[in-house]
Structure formats: structure tokens, C-alpha cells
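Everything below concerns the one structure shown next.
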Amino acid sequence: MSYCDIDVELAPTNGHDYTVIVRSSAGDQRATIKLPYADQALDQRLEALAQARRGAASRGLVMTEQDVTSLSTQAEEFGQALFEALLPAELRTLYYTSQQLAAAQDKGLRIRLRILPANLTTWPWELLYDPVPDDFIC
């Protein structure tokens, strides 16, 4: 499959603010954002996800439906908060328009995420969750 690209760059501004720059075939735009979790809150959320996964593993190799639902719900909530912070409404429009342009060309949309603050590179960006199609974006 061939792809259209959308570049999303996250750069430090000051304090807990960051600048997000989106470059896409639908246009370019920037916004100042605050991420949804401070370091300690992030650690707590990630630990809750890990505990849900470990809980299932401690009972055996098979996850129950309840385990899967709990883990999925926690991952979706975390990913949605991250998605909505990274792409506020004005930038999300570029994202959705880029999806439409890619689909019109029978292509997929590839998001190229560039994280400049080193302390944010370990965040689980693969959990970005878009509530509109109700799915993880990767």
C-alpha cells in the first residue's frame, strides 16, 4: 500500500507547554498544547495498564473477557487523552482532511511523529486513540 504523510512535531515551549506543528497535504498549522499527564500521573496511568496486563498473566496464559475489556478500556482512555492533547481541534481538522485526501487517492495515511523533548520519547505514542472511528490510529 502507498501512503500520504502527515508530519506531527512536538517541541518544548516553556514549562509544561509544548508546540505542535502539523505539516500535511491539507496544510500546515501549529498550536500550543499541554499534555494530559505530568510525570507522576503518567507513571500512575502506565502502571495501571501494566497491572491489568500482569493480573491476567498471574492467573495463567489465557486472558478472560473481563481482563481484555479492562485493559482495552484503560488503553483507549489513555490514548484518547493523548490524541486530543496532541491534536487539538484546530490541528485535528488537518488530520481528518489528510485522511480524506489519502482515501480519495486510495492510499493510507502515515503519521510521522517527531518528538523533540527527550523526556517524552518514552511515552507510549502507539496508544494514540481516535474516538471518531473508535480505533487506535496505528
Need pairs with beta-carbon distance below 8 Å; first residue farther than 16 Å from Val20 by Cβ and within region 109-126, second among the hydroxyl-bearing types (Ser, Thr, Tyr); sequence gap 6+ or separate chains. Leu109/Tyr3; Leu109/Ser98; Arg110/Tyr3
For region 105-133, which residues satisfy the criterion of being open to solvent by 90 Å² or more (accessible area, probe 1.4 Å) and assigned to a helix (DSSP H, G or I)? Glu126
Considering region 76-87, residues that are crowded, with 19+ Cβ neighbours inside 10 Å and not aromatic (Phe, Trp, Tyr), and then whichever is farthest from Leu10 (Cα to Cα), we arrive at Gly79
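Does Ser24 meet the test of being within 22 Å of Gly108 (Cβ to Cβ) and surrounded by 15 or more Cβ atoms within 10 Å (Cβ to Cβ)?
So Ser24 fits the description; yes.
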Name, by its number, the condition in (1) modelled with pLDDT of 95 or more; (2) more than 15 Å from Ala81 (Cβ to Cβ); (3) not aromatic (Phe, Trp, Tyr) that does not hold for Leu128. (2)
Among the residues of region 10-65, which ones are in a helix (DSSP H, G or I), modelled with pLDDT of 75 or more and of a type outside the set (S, T, N, Q)? Ala41, Leu42, Asp43, Arg45, Leu46, Glu47, Ala48, Leu49, Ala50, Glu65
Confirm whether Tyr3 is modelled with pLDDT of 90 or more, among the aromatic types (Phe, Trp, Tyr) and open to solvent by 70 Å² or more (accessible area, probe 1.4 Å). yes
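When you check Ala75 against the structure, is it more than 25 Å from Thr93 (Cβ to Cβ), modelled with pLDDT of 85 or more and of a type in the set (A, V, I, L, M), yes or no? Break it down stepwise before answering.
Numbers: more than 25 Å from Thr93 (Cβ to Cβ): yes; modelled with pLDDT of 85 or more: yes; of a type in the set (A, V, I, L, M): yes.
Here the answer is yes, as Ala75 does meet what is asked.
The values are calculated or read from the model by the stated rules, or taken from the named source; none is laboratory data. Every value quoted in this text rests on a predicted model; they were computed, and no experiment measured them. No Cβ is skipped: glycine too gets one built from the backbone with ideal geometry, and neighbour counts run over all protein chains shown. Quick note on the areas: whole protein, heavy atoms, side chains included, nothing else; ligands and nucleic acids left out. Shrake-Rupley method; radii C 1.70, N 1.55, O 1.52, S 1.80 Å.
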